[in-house]
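The values are calculated or read from the model by the stated rules, or taken from the named source; none is laboratory data. Fair warning: this is a prediction, and the values are worked out from it, not measured in the lab. No Cβ is skipped: glycine too gets one built from the backbone with ideal geometry, and neighbour counts run over all protein chains shown. For the accessible areas, the whole protein counts, side chains as well, though only heavy atoms, and no ligand, DNA or RNA atoms are used. Shrake-Rupley method; radii C 1.70, N 1.55, O 1.52, S 1.80 Å.
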Amino acid sequence: MQIYTVDASYLDEKDAFDANEVVENWGPSSNVFLKRSAAKAQVGFQGSLTIADFAEWVAEHVLSLPSHTGAALDLAMVSGPSGIQVQFSVVDRVPDIDSPIEADNPGFLEYALKWFAARRPTIRVYVTEGLFWVERLK
């Protein structure tokens with residue numbers, strides 16, 4: 001079992017729980033291009049999307065994975081002309097992943113990414129069925 005050092009500092013903000021909704025699992029995207037891209041993404045895949053589009057891409061990617069499989073993505077968030085861009089790379093697929101107790105639900109992903117973009121813009125995020133968690137890259 002892998003041990004993760006989870007950074008959920010974004011939950012310490014006063015508005016964290018007011019600004020988000022609890023959802024049971026990742027919601028599918030209505031964007032066919034994001035669906036296709038996410039479903040075909042293998043380890044090594046790289047892209048750059050706005051936070052909102054990235055959240056949809058991640059949802060589709062997780063929904064396309066085999067059951068009990070997670071993915072690790074390295075993210076670098078930078079300000080761009082259309083807002084914060086998430087530059088990402090799929091760095092691992094983790095079969096039989098055990099999520100840590102600090103893992104969060106998908107309804108917090110966009111909030112967490114905005115928080116990290118302002119404070120620690122380079123992170124690793126793990127995603128799996130109904131959960132995500134963040135580790136800071138060294």
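Brief remarks follow.
- Filtering the stretch 5-14 for residues that are over 16 Å from LYS114 (Cα atoms), open to solvent by 30 Å² or more (accessible area, probe 1.4 Å), outside any strand (DSSP E or B) and touching an Asp or Glu at 6+ places or on another chain (Cβ under 7 Å) leaves a non-empty set.
- Residues that are open to solvent by less than 40 Å² (accessible area, probe 1.4 Å), hydroxyl-bearing (Ser, Thr, Tyr) and assigned to a loop (DSSP other than H, G, I, E, B), drawn from the stretch 19-75: SER29
- Here GLN46 does not qualify as over 15 Å from the mean Cα position of the chain (by Cα) and either among the basic types (Lys, Arg) or over 25 Å from ALA8 (Cβ atoms) (or both).
- Counted residues, the stretch 111-137 - those being touching a residue at least 40 places away in the same chain (Cβ under 8 Å) and either surrounded by fewer than 16 Cβ atoms within 10 Å (Cβ to Cβ) or not in a helix (DSSP H, G or I) (or both): 18
- Among all positions in the stretch 76-86, there is at least one residue which is at pLDDT below 95 and on the phi > 0 side of the Ramachandran plot.
- Flag if ASP92 is surrounded by fewer than 17 Cβ atoms within 10 Å (Cβ to Cβ) and either among the basic types (Lys, Arg) or not in a loop (DSSP other than H, G, I, E, B) (or both): yes
- Enumeration of residues in the stretch 95-110 that are part of a loop (DSSP other than H, G, I, E, B) and under 16 Å from LEU63 (Cα atoms): ASP96, ILE97, ASN105
- Odd one out for PHE108 among (1) of a type outside the set (D, E, K, R); (2) within 15 Å of the chain's Cα centre (by Cα); (3) at pLDDT 95 or above: (3)
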